[in-house]
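Below: one structure, written as structure tokens.
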Amino acid sequence: MNAKMVDFGGWEMPIHYGSQITEHHQVRNDAGMFDVSHMTVVDLNGIKTREFLRYLLANNVDRLKTAGKALYTCMLNEQGGILDDLIVYFMRDDWFRMVVNAATREKDLAWIIQHAKNFSVEINERTDLAMIAVQGPNAREKVQQIIAHAEQQSVPQIKDMPAFNAYELSDYFIARTGYTGEDGYEVILDNALASDFWQKLHQLGVKPIGLGARDTLRLEAGMNLYGQDMTESTTPLESGLGWTIGWEPTDRNFIGRSVIDAQRQAKEHKIFVALVLEGKGILRHDQRIMRDNQDIGVITSGSYSPTLEQSIALARISPIVEQNVAVEIRGKLIPAKIVKSPFVRNGKSCLP
């Protein structure tokens with residue numbers, strides 16, 4: 001489909017299919033599809049799988065009580081640093097599914113396998129599966145058409161599925177999740193079926209979307225990117241992800257807990273904020289943030305926002321109460337304002 005391909009963590013990935021801006025608006029206004037087969041699907045099986053995940057993950061899988069329910073969480077090292085962010089799905093008591101990032105695949109699998117040994121949990125990387133995300137206000141309707149035709153019947157379990165849930169059919173694992181701030185599905189299916197599913201979506205008017213628009217969409221939605229907004233040397237509290245930690249019950253021992261418990265009590269850590277540039281320029285990763293001639297932090301992700309038509313960023317800074325800061329761009333200090341995240345929800349600006 002005339003994609004401009006680039007290397008992405010060892011995968012050939014489309015940066016765009018012609019116009020990144022057009023693709024961005026396509027998802028905000030209609031429906032777009034992303035080949036995210038580079039994401040790593042991992043199935044965990046065994047009677048102690050829940051017990052294992054209570055220890056492995058910072059969020060508490062005991063919140064997953066009904067089949068198909070999903071949970072967003074971080075996986076931490078002993079220092080409280082983020083090894084990866086991921087989604088875990090509860091399917092049965094002896095089967096949970098995780099989807100982790102491509103760039104962290106090898107270290108994630110090694111870490112999971114290392115710690116699973118004490119729980120007799122079977123770890124199965126599903127290299128036989130592809131993954132296609134369909135996102136936008138019309139995305140769910142398009143996918144439902146294809147699924148109903150394939151199943152030769154309406155599938156109310158898919159149509160009525162709440163957000164952050166998944167349902168497995170004979171050929172499709174369909175999750176109402178995404179990385180754009182829009183409604184939609186992430187569809188996991190056999191490699192051999194992926195191309196046909198992609199073509200059927202295209203016939204329904206769903207346009208292919210590349211990495212460039214995926215990045216501006218997730219940034220507008222205030223969603224973190226691993227390797228920039230969070231790393232092995234930053235904790236969830238320093239990455240705006242304190243809400244993903246299952247603090248209760250206090251006696252649940254998960255990897256990294258003692259460090260982030262102490263950090264939470266001390267309240268001296270850097271904080272994660274959203275920024276809007278008030279002058280001219282483009283906010284970019286690694287630009288310095290200033291306040292009263294003091295260097296207070298750094299931009300972790302920044303870009304021009306096609307929806308807002310202005311420059312936005314996520315940043316890690318020293319705790320301050322003021323909203324007004326400046327960003328150093330090409331030797332000049334350009335005024336910026338701290339705002340609440342997200343910048344955009346369901347295609348509409350969240351800015352005051």
Need a quick list: strands (runs of 3 or more DSSP E) entirely within the range 257-341 having at least 1 residues that are out of contact with any Lys or Arg (no Cβ under 7 Å at 6 or more places or on another chain), surrounded by 15 or more Cβ atoms within 10 Å (Cβ to Cβ) and of a type in the set (Phe, Trp, Tyr). 294-305
All positions within the range 1-24 that are buried (at least 16 other Cβ atoms within 10 Å of the Cβ) and farther than 15 Å from ASN101 by Cβ: ALA3, PRO14, ILE15, HIS16, TYR17, GLN20, GLU23, HIS24
Looking only at residues in the range 174-208 that are assigned to a loop (DSSP other than H, G, I, E, B) and over 16 Å from the mean Cα position of the chain (by Cα), which one is nearest to MET13 (Cα to Cα)? VAL206
Exactly one of these conditions fails for GLY227: (1) out of contact with any strand residue (DSSP E or B) (no Cβ under 6 Å at 6 or more places or on another chain); (2) at negative phi. Give me its number. (2)
Is the range 63-86 home to any residue that is in contact with a Gly (Cβ under 8 Å, 6 or more places away or on another chain) and either at pLDDT below 95 or under 25 Å from LYS142 (Cα atoms) (or both)? no
Close pairs (8 angstrom Cβ cut-off, 6 or more residues apart or separate chains): crowded, with 16+ Cβ neighbours inside 10 Å in the range 183-206, among the polar types (S, T, N, Q) and at pLDDT below 95 anywhere: ASP183/ASN346
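The values are calculated or read from the model by the stated rules, or taken from the named source; none is laboratory data. For clarity, every value in this text was computed on a predicted model and none was experimentally measured. For neighbour counting, all protein chains shown are included, and Cβ atoms are generated from backbone atoms with ideal geometry for every residue, glycine included.
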